[in-house]
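Working notes, structure below.
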């Protein structure tokens with residue numbers, strides 16, 4: 001097979017998953033307890049970094065993910 005490496009990398013990857021999906025909320029400004037409760041209701045795996053209120057999350061709000069997806073939420077006591 002005589003194919004350039006860049007040509008193979010340029011092809012899009014398509015993942016087919018017909019399972020259920022959940023909408024990732026915007027956790028900005030929520031306390032850790034509220035973030036944890038919402039993740040538990042949605043079936044998301046949660047990792048919290050820091051303490052205080054949510055200031056960042058690893059998966060953007062309104063993204064569609066499958067239950068069991070790991071989400072990292074960064075917390076801070078100071079406004080950012």
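Every number in this text was worked out from the coordinates using simple rules, so none of it is lab data. The shown structure was predicted, so the numbers you read here are calculated from the model rather than taken from an experiment. Don't worry about glycine lacking a Cβ; one is built from the backbone with ideal geometry, like all the others, and counts go over all protein chains shown.
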| When a footprinting reagent is the concern and you count Cβ atoms within 10 Å, what order do 27, 78 take, fewest first? | 78, 27
| query | Relative contact order for region 30-80: what is it in percent, counting Cα pairs under 8 Å that are at least 6 residues apart? | reply | 43 percent
| field | Overall dimensions of region 21-76 by Cα: Rg and Dmax, Å | value | 9.9, 29
